[in-house]
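Quick note: the coordinates plus some simple rules give every number you see, no bench work behind them. Nothing here was measured: the structure is a model prediction, and the numbers come from that model.
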Amino acid sequence: MGKEVVTQFQETHRVPNRINSRQNTPRHILIKLTKIKHKEQILKAAREKQQITHKGIPIRNTADLSIETLQARREWQDILKMRIPDHLTCLLRNLYAGQEAPVRTGHGTTDWFQIGKGVCQGCIFSPCLFNLYAGYIMRNTGLEEAQTGIKITGRNINNLRYADNTTLMAESEEELKSLLMKVKEESEKVGLKVNIRKAKIMASGPITSWQIDGETVADFIFLGSKITANGDCSHEIKICLLLGRKVMTNLDSIFKSRDITLSTKVHIVKTMVFPVFMYGCESWTVKKAKH
C-alpha cells in the first residue's frame, strides 16, 4: 500500500497537473483497505460516506488535527507550492503529526518526547520528501538559468546532486561564492541549514587561498570515485583493478566448474566483474603511458 502511494506521489510531482487538487481535504485520514471492484460502487460509497477517493482508494475523515506549529504549517505550504495534491499532502502531514520517540542509552530509556524536525528513519517516503525539497531549493535558486558554471559541449553545468550530496562548480571564486550563497539562502527559507564551514573546496588551478569559509582539499570522493585537482586517475584505476580481481577470485569456483558452459561464464563476467572494474570510468583521464 505504501509503495503505491509513494509511486502516486512521485508521478504527481513529475506531472504537476495530472491530479486535480481538492479543497476541504480532511486533516486526519484513515486508509480503508476494503477493495471495491467497480468504479461506480467506489464513487457511490464515497458519496454516501462523504469520503474522498483517488484511484479506488477510499479515504475517510476521522478527526480534525488543528494543533501545529507555524514552522510545520509553513513547510506543508511549501509542499503545496510544488503542486502536490491536497489529499497527498494531508496524508504526509498526518504521518508526521504528533510524533514521539525515546532515546535508549546504557543507563536505560529516556522519557518520550515530541519530534519537531527531520524525516522518519526507514520510511519509504523519506527519500522522496528529501528529493522534493532538494529540487525545490535548486529551482528557486535559479541555477538552471544561471550563466555561471562550467561549459561542457555547449551545456552549462554548475551543480551535481545525488541524495544529500551537492557539488557546485564555477569558473571563478566570485561565481562559486554567489552560487553557494543562493543555495544557503533558499535552504534557510524552508528550514534547512547549510554549514559552509564543513564544505570542501577544490580548485583545479593556481588558486591557493579562498575568501570562502571551508576546508581546502586536493581531492574528494564523489559517488565512490576519487576526484583530484590535477585530474590524475591512476590511483582510482588501481583500486578498480584490485576490486575487479577480488570479484574474479570469489567466483573462481564457478569459472573452474565444468558443469557451467563457457557462454554462461562470459555472461557472469560481464554482469558481475565488468561493472566493478569499470565503475566511474566515464570520468577517468587515461594518460598515454597508462593506455
Taking a ≥ b ≥ c as the square roots of the eigenvalues of the Cα gyration tensor, with a/c under 1.5 meaning rounded and otherwise prolate when a/b exceeds b/c and oblate if not, the range 183-291 is prolate
Give the relative contact order (percent, whole number) for the range 176-268; include only Cα pairs under 8 Å separated by 6+ residues.
-> 15 percent
Taking a 22 Å limit on the Cα-Cα distance, which of the listed pairs Lys265/Lys288; Lys238/Lys265; Lys117/Lys184 fall beyond it?
-> Lys265/Lys288; Lys238/Lys265
What length, rounded to one decimal in nm, is gained on full extension from Leu95 through to Tyr279, with 0.36 nm per residue of separation minus their alpha-carbon distance?
-> 62.4 nm
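For the range 228-291, what number results from the quotient of the Cα radius of gyration and 2.2 N^0.38 Å?
Values: Rg = 14.6 Å, N = 64, 2.2 N^0.38 = 10.7 Å.
Ratio of Rg to 2.2 N^0.38 Å for the range 228-291: 1.37.
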Amide proton proximity set for Asn159, modelled H, under 5 Å, gap of 5+ = Met169
Report, by chain and number, residues whose modeled amide H sits under 5 Å from the one on Phe222, excluding near sequence neighbours (fewer than 5 apart, same chain).
-> Ile227
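Assuming 0.36 nm per residue, please report the length gained on full extension of the stretch Ile254 to Leu241 beyond their Cα-Cα distance.
Details: separation 13, 0.36 × 13 = 4.68 nm, distance 2.01 nm.
Between Ile254 and Leu241, full extension yields an extra 2.7 nm.
Take every Cα pair under 8 Å in the range 127-217 that's 6+ residues apart, average their separations, divide by the length, and report that relative contact order as a whole percent. Can you show the working numbers first?
On the way: 79 pairs, mean separation 17.9, N = 91.
Normalised by residue count, the contact order of the range 127-217 is 20 percent.
Which pairs break 25 Å Cα to Cα here: Lys182/Lys226; Lys151/Lys182; Lys193/Lys226; Lys151/Lys198; Lys177/Lys287; Lys200/Lys226?
Lys182/Lys226; Lys193/Lys226; Lys151/Lys198; Lys177/Lys287
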